[in-house]
1. Taking springs between alpha-carbon atoms closer than 10 angstrom, which of Leu159, Leu368, Leu255 fluctuates most in the Gaussian network model of the chain?
2. Highest GNM mean-square fluctuation, the chain, Cα pairs closer than 10 Å: which of Ala131, Ala234, Ala141?
3. I'd like the orientation of helix 101-110 relative to the chain: the angle between its Cα long axis and the longest Cα principal axis, in ° from 0 to 90, rounded to 10.
4. Hey, fewest Cβ within 10 Å first, where do Ser278, Ser326 land in order?
5. Quick check: residue separation of Glu285 and Gln102 times 0.36 nm, minus the Cα distance between them. What number comes out in nm?
6. Residue-wise, which Karplus ³J(HN,Hα) couplings in Hz belong to segment 49-61, taking 6.51 cos²θ - 1.76 cosθ + 1.60, θ = phi - 60°, and x for glycine or proline?
7. Measure nothing fancy, just the Cα-based angle from helix 201-210's long axis to the longest principal axis of the chain, in degrees from 0 to 90, nearest 10.
8. Restricting to Cα pairs below 8 Å that are 6+ residues apart, what does the relative contact order work out to for segment 31-108? Please round to a whole percent.
Amino acid sequence: MLIGVPKEIKNHEYRIGLTPTGAAELVRQGHEVLVETNGGVGVGFSDDDYREAGAGIADSAEQVFARADLIVKVKEPQPQECDMLREGQTLFTYLHLAPDAQQTKLLVESGATCIAYETITDDAGGLPLLAPMSEVAGRMAAQEAAHCLEKAQQGSGVLMGGVPGVPGASVLVIGGGVVGLNAARVALGMGADVTIADRSIKRLQEIDELFNGQIKTMYSTTEAIAKKLPTTDAVIGAVLVPGAAAPRLITRDMLQLMRKGSVLVDVAIDQGGCFETSKPTTHEEPIYVVDGIVHYCVANMPGGVARTSTLALTNATLPFVLELASKGAHQALLADGNFLAGLNVHRGLVTNAAVAEALGYEFVSPKLALARDALKQTA
C-alpha cells in the first residue's frame with residue numbers, strides 16, 4: 001500500500017503524522033511511503049531523513065493526496081485538504097467532528113473512509129491514541145496557566161509556586177482523566193495548591209491514594225465548582241466525552257465569581273470547549289480576555305512541543321498504520337472492535353453515534369456501513 005503523509009497546515013502546527021523511523025518500518029514490510037517535502041522540518045526531520053528511511057518525497061500536498069491509498073496526518077483536514085480526498089481513500093488522523101459541522105459535511109461528501117485517533121478504544125476502555133497527546137496537553141496546561149497568570153499576559157500576577165511567606169496559586173482541574181491527572185501533577189510540582197474535580201468517586205479515591213493526599217479532591221457539581229471559583233487563580237478544563245461535544249461546566253455568569261486576572265485553560269476546545277466563553281485560539285494568538293478573565297483555548301496545544309508530540313504520537317499510531325497498510329481498512333477494522341470504534345465516516349455515512357447526534361445525521365453502525373460497502377462491491 002502507498003501511505004501518504006502531507007505537511008500539516010493548521011496555524012503553528014509543526015507535527016507530522018509519521019517519523020522517519022515509522023516510515024522505515026512500513027517500507028521494511030513492503031509498503032511505499034510518500035512524504036510532502038519539508039513536512040517534518042518543524043520537528044527536526046529533513047527530507048533526507050525520510051529518503052534514508054526509504055520514503056519518497058512529493059513536491060506538494062496535491063501529489064500526496066492524488067497518489068496515496070492511506071493518508072496519515074495529525075490534525076483534522078482543513079477544507080482544502082478535504083477537497084483532495086477521494087472515494088475509497090482512507091484518512092487516519094484526529095478528527096474531533098462533533099463540534100465541526102463543516103468538516104463533517106466535507107468528509108461525508110468526499111466518500112472517503114475517515115478513522116479518528118480520538119475514538120479508537122482499548123480493552124480497558126481507554127483511548128490509546130488520544131492518551132499520548134492528552135498527556136502532553138495536560139502537562140502543557142499547567143505551564144500555560146502559570147504563564148497566563150503573569151501580568152504581561154493580563155493575568156493577576158500570581159506566581160504558580162509562590163515563595164516563602166507568600167502562597168502559590170490555587171488551581172482547580174475539572175476532570176480526573178489523563179489530561180487532568182497530568183495537569184494536576186505538573187501544577188503540584190510547581191508548588192500550586194491543586195484540587196481535582198470529577199464525578200467518579202472511584203477515580204477520586206485513586207487520585208487521593210496516588211498523590212497521598214497532596215492533591216485535594218472534589219465531587220464535581222455546578223454548585224461545588226461555583227463555590228470554589230472565588231478562591232481559584234486558574235481553572236483547567238480537562239473533561240472528555242469520547243467523540244461528543246464537551247459539556248459546558250462554567251457559564252459566563254460564573255465568571256463574575258472569579259477574581260480579575262484569573263485564568264481559564266480549556267483543553268477540551270477541540271471538542272467545542274467546556275466553558276461557555278471558550279472559542280478556539282492559536283499558538284500565534286493564544287489568549288483573550290472576557291469579563292477580566294484570561295482565556296487560553298489553543299486547539300492544538302501539543303503542537304507547541306511538536307518534536308515530543310510527534311515522537312509520542314507515532315509510537316502510538318504506528319501499529320494501527322501497519323494494520324491498515326497490510327490488511328486494508330475494511331479487513332483491519334472488522335478484525336478489531338476497538339479499532340472499529342475509530343471509524344467516524346465511511347463512504348458518505350456517519351458511523352459515530354455521538355457525531356451523528358451532535359450534528360443531526362443518521363447514525364449507521366460501523367459494521368453495517370462496512371457491510372453495505374461489501375454488498376455494493378459484490379453486486
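1. Result: Leu368 has the largest fluctuation of those listed.
2. Maximum among the listed residues: Ala131.
3. 10 degrees
4. Ser326, Ser278
5. Difference between extended and current length: 63.6 nm.
6. 4, 6, 4, 5, 7, x, 7, x, 10, 9, 6, 8, 5
7. For 201-210 against the chain, the angle is about 80 degrees.
8. Reported as a whole number, the value is 24 percent.
Bear in mind that the values in this text are calculations on the coordinates, not laboratory data. This is a predicted model, so every value here is computed, not measured. Reconstructed Cβ throughout: ideal geometry from the backbone, glycine too, with neighbour counts over all protein chains shown.
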